[in-house]
Each structure stands twice: as structure tokens, then as C-alpha cells.
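Trainee: Here it is, the structure in full.
The values are calculated or read from the model by the stated rules, or taken from the named source; none is laboratory data. Quick caveat: nothing in here was measured; it's all calculated off a predicted structure. Here Cβ is always computed from backbone atoms with ideal geometry, including for glycine, and neighbour counts include all displayed protein chains. We work out accessible area using only protein heavy atoms, side chains counted, and drop any ligands, DNA or RNA first. Shrake-Rupley method; radii C 1.70, N 1.55, O 1.52, S 1.80 Å.
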Amino acid sequence: MQSFRTELENPLVEKDIIELEKKIIAFKEGKIPEEKFRSLRLARGVYGQRQPGVQMVRIKLPYGKMTFAQWKRISDVSDEFSTGNLHLTTRQDIQIHFVSLDRTPELWSLLEQDSITIREACGNTVRNVTGSDIAGVDKDEPFDITPYAHAVFEYFLRKPVGQEMGRKFKIAISSSEKDTALVFMHDLGAIPRIKEIDGKQVRGFKIVVGGGLGAQPFLAVTTHEFLEEHLLLPYIETVLRVFDRHGERNSRHKARIKFLINQIGIEAFNELVEAEKKAITDQSVTIDTSRFEDPSLPDYILPQTDYAIKNQLAFEIWKKTNVKKQKQDGYYLAYVRVPNGNISSTASRRLIEKLQHVIADDIRVTITQNLQFRYIKSEHLEYIYGVLEAEGLTAPGIGSAADIVSCPGTDTCNLGISSSTGLSKELSQLIEEEYPEFLYREDVAIRISGCMNSCGQHGIGTIGFHGSSMKVKGNVIPAVQVLIGGGNLGRGEGRVANKVIKLPSKRAPEAVRYVLNDFKLNLQDNESFLEYTFRKGEKYFYDLLKPLGNTETLLEADYIDWGHAEQFATAIGVGECAGVIIDLVSTLILEASEKISFAEENIDKGAFADAIYQIYSAFVSTAKALLLNHNVHCNTQGGILRDFDTNFTQKGLYTGNESFAELVLQINKNEPSAAFANSYLLQAKDFIEFATEFKEQAVEN
């Protein structure tokens, strides 16, 4: 592996990238265990693929925003390091695939030249902050949430509390009560509100916590109907601290915050959050909104080029379904349906070149894997359509049944069971050709995942599918679990879809026909599709679709998955969505020493709260190492502290304090001052020294 030199102005970023390069070299030399290295690279946006020897790199785009320069940079990087494909995700990231591990530091360095990061895009971290793609131009918004979403992104990037949690943590902020960012399915979500206090209009947010999909979906619980804006960042930090300390760490399937809240109850959770307030970095944070107030408008000069529209009727349909008025008079936004979220780097560069004069320098990736352009003048819509038409990107029906969300599935993911992208293409074509009237409706959402983990958000689809398999007469065939009745109810509330029936994958299109035909036949009083599913119920749809489950009538094609030519066979690997728990004693003690070094750097900078958290983490890592050395396995940080007292303090093996737990939990009993940080640091150093000597003596004996 050849070393390279970064050309970055930000020393923190440069340090990050150089550290990644050093860790890769150390891993290849056998100096870092594979599981530890996996955790480290995931926290830097580098994710293992289904195909051996290559990586997926996830690029973090807060609330989905990118400039022309950033879009071009990502396209150029994809050409140089990947396959020239940009995959837009449901969390407003961009992924590029088939990247060599050795080249990821150089790739990251190039991205950062246009202020694009991959830091904490994967792993047990605070993931990308998603937001309504319509934020800033939404006629229903009480205020623009863009500055707040950006502040959350900046504040928690590299924050010690968000680096090594038990699982990932996802935050979403909607622009209005319509909840177009779907906060109800997130670990923490916020919806903007304005409240009159002492005669003044005050900004704030409704706050929900504990939502999530996956194999066991939970709907988020409201903690605040109104939290003043200056308390948003402090509150999120207290929640993260509680999750980090009390969340499950042994069983990755139970390690999301939704399980913690379900286990202890929301009242106990709120009490733990309240207890953390004293120790956080800031008690109040005023968010600067001024730098987001002026849009980056184009010159509105059309290039000298022919852009004659080939199909005027298609243009009118596109304009009706994909174009919306902004809250700013005289401006429109336009959506581009991107099939399966995949757009090429060459198409991206051509769009940048041809559209930069007629759309704002503010492109949004949507949570439905599409693109949004804004600040368009009506007289330029025809030109924009012509440009998109030349790229084959004028599919109508944004937000309709044809606008299907799907994860990459078996294309690249280790966990994929059956194809989601192939089925998505088939169903989109079905809607466009057989049910064109549904292109004008936004109440039917089809969502597809390659497995039960819901990366394609099948659990909130009004019609959802997740990949599966079925054994029939000694053979395995691709299958889908059908779900009906999920959706967004607004105001931070939602509904999880009901599992109805498992069917052979090739019968999924017929299942959609059955359901849509029944809806058209039994529609009452202009009810929505979601209301129709409420009224009919789970049993009704099981009976409706049961004939499609008959495996006695299988055809040869049923044994082959969508988009494939060979007979189906399951090939599931180990997923990396949450990283891996590290149970290596020496590695944990070394990690603790590294955290002490980071803490000393933060003390020197005056970042006392961050330093104290790193010291706390060093205590926990060291105690865990000693417990593992005694074959004691713990599943929470609180459990580690208690078990250490039981197995070491109470048995006289550790005599540094009467209670090790009380020593460590000074963290939330003191304000983050220089005096406490330095005192806490010395105590941690003493403990690490004790642990090192104890381990060495155990080895000698």
C-alpha cells in the first residue's frame, strides 16, 4: 500500500484520514484484529460488500443537500475509485461500490476537498441526519429546519459519545406536521413548532424517541410536545449518553434505543435523561440561522442549445406529478425519479453542465432515493424536462405507487436474500403500464427490502415486500413476505404494516394487481389507500392473496429470481450494519490508553465535557477487559460497572475505591470543569495501570 499526502486545510479531517491509512497498514500487517478493524473502518464509512475484496463507501450528505461542486466531485471519485455509479439511499446518503480498501484514504481526501465526509456514515455511530427534502421551500413549514439539521450534523460529528455505541443512532427532522422525514421511525425525531411564550413567538420542536424498523419495528414515543430551539442539541446529547451507558451491547439484535425504552419504560428513560443534564457540553445552544437564509440562485440564462421536447403529453404529465410550487412566489421545485436510486457519473456531469444556469446550487437527495431541484422559473421547466428526457430521467409519478423505494438487496449486500432491485423495476413498469391513474396518487407507497432488516423500509409501506425464500419439494425458491397497511399519519405518528403472507417472488406483481384491483372495486367515499387497509384488516388481505401461495402450480421461472438467469440459491453473509462487539482483552486496554490520549488533547483545548466522556469510556473499556479475562460477559456499560464491583471490588482483587461504579459514575454528578476533568483523568490512568499489571500477573500465573 502506497502512502499519500492530503491537501486539506482542516487538521481534524487530515488527522482522521492519515489515521485510517495507518490502521489499514497495521491491519494488513496483522497488528489489529479483524473484528476491531471492521469496527474502525465502519465508523469511517467503509462497509464490506457481498463480493469479497471490495468495499462500499457511504458518503454522508446532511439532510440530503449537495452543491454542484460536491455532486461533480462525487461523480469524479466514483469514476476513479468505483464503477461510475452513484446510489442514492433512503437516508439521503450516496453510496459507491466495489472500492479497494487500500484506496479509501485517498478517496476520502479527495471528497473532503469539497467538504464531503464519510466519517460516521456506518457503524455504531450517530448516522447521517435526515431532513425533509422540501425544507426551506415548504409552504407548510413554520420555519426552515435546514440550519437546525446542519447544526445537529456539525455538533455530533466526532463527538466522543457517538463513536462506539451499542448500535447505530438515526436522527430525522421534518419540515412540518406532515412529517415528510418520517420521524416516527427514527431513534430521535423532531418536528418544528412555534409557540407563544410571554407574548413572543418562540421556535421549538416536538420530540419523539425510540422509533425504528428492522425485524421488530417500533413507533417512536413523544417526549416533548414543545422543546425550545436552544435546548435541541443539549437534549440530543443527554439521550445519546443514556443510550450509550444503558443500551444493550451483547446482542446486536436488541441493541437499538427502541429496545431500551421498551424494556425500562419511557418514564424511567426520561429520568435517566434528566440525570445527564449536569454533565453535558452545553446547557443551551443558540443555532445560527443567518448563513442559510440566502439561496444560491443561478443566473437564469439558458444555454444556446436545442432542447425540443419529444413528447408534449409526457411533459404535461411530468409537470403535473413531479413539479410543485415553492413557498417563494414565482419559483418551482422539480423531482427526478431515479430508478432504484442509481444514477451514473456521466449523466450527473451532463446534468450539472446543462442545469447549473436554471436551478439553485442546492440539490437534494430525497428519502425516496430521488433528486430534487429548486428555485426554478416556470419558463425554464420545458428546458429542464428536455435535458432530463435526453438522459432517460423523465419518469412521472413522484410519491406514487410507481416511485418505489428499494434497497440494493442481493446486488451488493451481505444480508440480501432475494432481489429487491429486480422486483422494483418490474413493479414500477406494472404501475406505469397497467395502472396509470395511480401515477397521480400519493397514498400508495410500495417499499421493498432484500431481507427483513428493512433498509428498503418495507415495514411502513402501504404495500411492502421483504426478501425471503421458500422450500418446495426439496428445492429453494426466491420468495417475498407481503406486508399491507403501513404509512405516515403525520404529527410524528405512523403505522407499521401487517405481515400478510409469504409468496414466491415471481408472484409479487400479481399480488399488487390483486390488491389494487380490490381497492378500485371497494373504494368508499374517496377514502385513501391507507384508510382502505385499516377498514379491511389483515385477515381480509390474507384471504385475498392466499390463492397466490399455492406452490403446486409453480412454473420453471419461479425458481429464478428477478434479474437473474441461474436457479435461485440462498447465499447470506454476515451483515455489518451495526459493527461487531470486540471481546479481546489486550485490544480493549490499548483502546482505553488511546482514549486517554484523546482526552488529554481535549483538556488542552478546553473541551472538558468531551474529555470527561473519553475518560469515562476508558474506564469502561478497561473494566470490560478485566471481566472478560475472568470470563464474565456483560451486555451494558452499567452492567460492566456493577459486575466489576461484584467480581473484583467485593472480592478484594481491586482496592482502589470502595465502589468502582461510584468512581466511574462521577461523570454525571459533576459539571464539566477543568478541575474535575484533570482529577478524573488521573483516576483513570491509575486504573489502567492497575489493569495492565493485573493482566500481566494473570498471564504469569
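Trainee: With every protein chain kept in place and ligands, DNA and RNA left out, what is the accessible area per residue of the range 121-206? Probe 1.4 Å, answer in Å².
Mentor: With the other protein chains kept in place, the range 121-206 gives 27 Å² per residue.
Trainee: Only Cα pairs under 8 Å and at least 6 apart count here; give the relative contact order of the chain as a rounded whole percent.
Mentor: 12 percent
Trainee: How much of the DSSP beta bridge set in the chain is antiparallel, as a percent to the nearest 5?
Mentor: 85 percent
Trainee: Specify the angular offset, from 0 to 90 degrees and rounded to the nearest 10, of the alpha carbon long axis of helix 11-28 from the longest principal axis of the alpha carbons in the chain.
Mentor: 80 degrees
Trainee: Could you state how much accessible area Cys413 has, in square angstrom rounded to the nearest 10, with a 1.4 Å probe and all protein chains kept in place?
Mentor: Counting only protein heavy atoms, Cys413 exposes about 40 Å² to solvent.
Trainee: Quick one: Cα centre-to-centre distance for the range 613-635 and the range 178-256, in angstrom?
Mentor: Cα centroid of the range 613-635 versus Cα centroid of the range 178-256: 29 Å apart.
Trainee: How many Lys pairs in the range 168-295 lie less than 15 angstrom apart by Cα atoms, where the lysines are 8 or more positions apart or on different chains?
Mentor: 5
Trainee: So what is the calculated 222 nm ellipticity per residue for the chain, using -39500 (n - 2.57) for each DSSP H run with n of 4 or more, over all residues, to the nearest 500 deg cm²/dmol?
Mentor: -11500 deg cm²/dmol
Trainee: Taking the chain as the reference, fit the longest principal axis to its C-alpha atoms, fit the long axis of helix 585-605 to the helix C-alpha atoms, and give the angle between the two in degrees, 0 to 90, nearest 10.
Mentor: Value to nearest ten degrees: 90.
Trainee: Which ³J(HN,Hα) values in Hz, rounded to whole numbers, follow from the phi angles of the range 70-79 under the Karplus curve 6.51 cos²θ - 1.76 cosθ + 1.60, where θ = phi - 60° and Gly and Pro get x?
Mentor: Each residue of the range 70-79 in turn: 5, 4, 5, 4, 4, 5, 5, 5, 4, 5 Hz.
Trainee: Okay, next question. Around Ile501, which amide H atoms from residues at least 5 apart in sequence, or from another chain, sit under 5 Å from its own amide H, with H modelled in the peptide plane?
Mentor: When sequence neighbours closer than 5 places are left aside, the close amide H contacts are Val482.
Trainee: Oh, and also: Spin-label point model (7 Å from Cα, Cβ direction): what's the Ala69 to Val285 distance in nm?
Mentor: Calculated label separation equals 2.5 nm.
Trainee: Rg and Dmax of the range 261-392, using alpha carbons, in Å: what are they?
Mentor: Calculated on Cα positions, Rg and Dmax stand at 21.6, 65 Å.
Trainee: Which listed residue (Gly64, Leu590, Ile264) has the Cα farthest towards the positive end of the charge dipole for the chain, taking +1 on Lys and Arg C-beta and -1 on Asp and Glu C-beta about the Cα centre?
Mentor: Result: Ile264.
Trainee: Ok, one more. Could you check how much of the accessible area of the chain is carbon and sulfur, as a whole percent, using a 1.4 Å probe?
Mentor: The computed percentage sits at 48.
Trainee: Taking every eigenvalue of the Cα gyration tensor of the range 354-459, multiplying by 5 and rooting it, what semi-axes result, largest first, whole Å?
Mentor: Semi-axis lengths for the range 354-459 are 28, 17, 12 Å.
Trainee: So which aspartates and glutamates can Lys354 reach, going by Cα to Cα under 12 Å and dropping same-chain residues fewer than 8 places off?
Mentor: Within reach: Asp306, Glu391.
Trainee: Long-range amide H contacts for Thr83: which residues qualify at under 5 Å (H placed 1.01 Å from N, peptide plane, sequence gap of 5 or more or a different chain)?
Mentor: Long-range HN contacts for Thr83: His97.
Trainee: Further, regarding this structure: What are the equivalent ellipsoid semi-axes of the chain, built from the alpha-carbon gyration tensor (square roots of five times its eigenvalues), in whole angstrom, biggest first?
Mentor: Listed largest to smallest, the semi-axes of the chain are 43, 30, 26 Å.
Trainee: Let me ask another. What FRET efficiency comes out for the pair Gln697/Thr305, r = Cβ-Cβ distance, R0 = 51 Å, nearest 0.05?
Mentor: Plugging the Cβ-Cβ distance into 1/(1 + (r/R0)^6) gives 0.05.
Trainee: Spelling out what I want: for every residue of the range 390-401, take phi, set θ = phi - 60°, compute 6.51 cos²θ - 1.76 cosθ + 1.60 (Karplus), and round to whole Hz; glycine and proline get x.
Mentor: Here the 3J(HN,Hα) series is 5, 9, x, 10, 10, 4, x, x, 4, x, 9, 5 Hz.
Trainee: Just the number please: accessible area per residue for the range 1-106, 1.4 Å probe, all protein chains included, in Å².
Mentor: On a per-residue basis, the range 1-106 sits at 42 Å².
Trainee: Determine the relative contact order of the range 323-375: mean sequence separation of Cα pairs under 8 Å and six or more apart, normalised by residue count, in whole percent.
Mentor: 43 percent
Trainee: Nearest 0.05, what FRET efficiency do Thr553 and Thr655 give at R0 = 56 Å with Cβ-Cβ as r?
Mentor: Here the calculated transfer efficiency is 0.15.
Trainee: Next up: Quick check: residue separation of Asp604 and Lys471 times 0.36 nm, minus the Cα distance between them. What number comes out in nm?
Mentor: Working it through step by step, the gained length comes to 41.7 nm.
Trainee: Mind grabbing the accessible area of His357 for me, 1.4 Å probe, Å², rounded to tens?
Mentor: In the full protein context, His357 sits at about 60 Å².
Trainee: Now for a different question. So if I take the centroid of the Cα atoms in the range 452-472 and the same for the range 104-125, what is the distance between those two points in Å?
Mentor: 31 Å
Trainee: Follow-up question, since we're still on this one. Of Arg127, Arg158, which has the most accessible area with a 1.4 Å probe, and how do the rest follow in descending order?
Mentor: Arg158, Arg127
Trainee: Using the Karplus curve 6.51 cos²θ - 1.76 cosθ + 1.60 with θ = phi - 60°, work out ³J(HN,Hα) for each residue of the range 491-508 in order, rounded to whole Hz, and write x for Gly and Pro.
Mentor: 6, x, 10, x, 9, 8, 5, 8, 6, 10, 6, 9, 10, x, 4, 5, 9, 4
Trainee: Another question, if that's okay. From the residues Ile501, Thr125, Ala401, which one has its Cα farthest along the dipole of the chain in the positive direction, the dipole being from +1 and -1 charges on Cβ of Lys/Arg and Asp/Glu about the Cα centre?
Mentor: The Cα lying farthest towards the positive end belongs to Ile501.
Trainee: Still on this model: Counting only heavy atoms of the protein chains, get the accessible area per residue of the range 287-368 (1.4 Å probe) and round it to a whole Å² value.
Mentor: Dividing the accessible area of the range 287-368 by its residue count gives 52 Å².
Trainee: Taking a 1.4 Å probe, which of Asp361, Asp79 shows the most accessible area, and what order do the others take after it?
Mentor: Asp79, Asp361
Trainee: Something else about it: Pairs Lys139/Lys377; Lys60/Lys324; Lys23/Lys624; Lys624/Lys695: which are spaced more than 20 Å apart, C-alpha to C-alpha?
Mentor: Beyond 20 Å: Lys60/Lys324; Lys23/Lys624.
Trainee: Taking the Cα centre of the chain as origin, work out the dipole magnitude from +1 charges on Lys and Arg Cβ and -1 charges on Asp and Glu Cβ, in debye rounded to 20.
Mentor: About 1320 debye.
Trainee: Further question on the same structure: At a Förster radius of 51 Å, what calculated FRET efficiency corresponds to the Cβ-Cβ distance of Lys22 and Lys139, to the nearest 0.05?
Mentor: The formula returns an efficiency of 0.50 here.
Trainee: With all protein chains present, calculate the accessible area of Glu274 using a 1.4 Å probe and round the result to the nearest 10 Å².
Mentor: Surface accessible to solvent at Glu274 totals approximately 110 Å².
Trainee: Pull up all non-local amide H partners of Asp561: gap of 5 or more, or a different chain, and H-to-H distance under 5 Å with H placed in the peptide plane.
Mentor: The list, which skips near neighbours in sequence, is Phe568.
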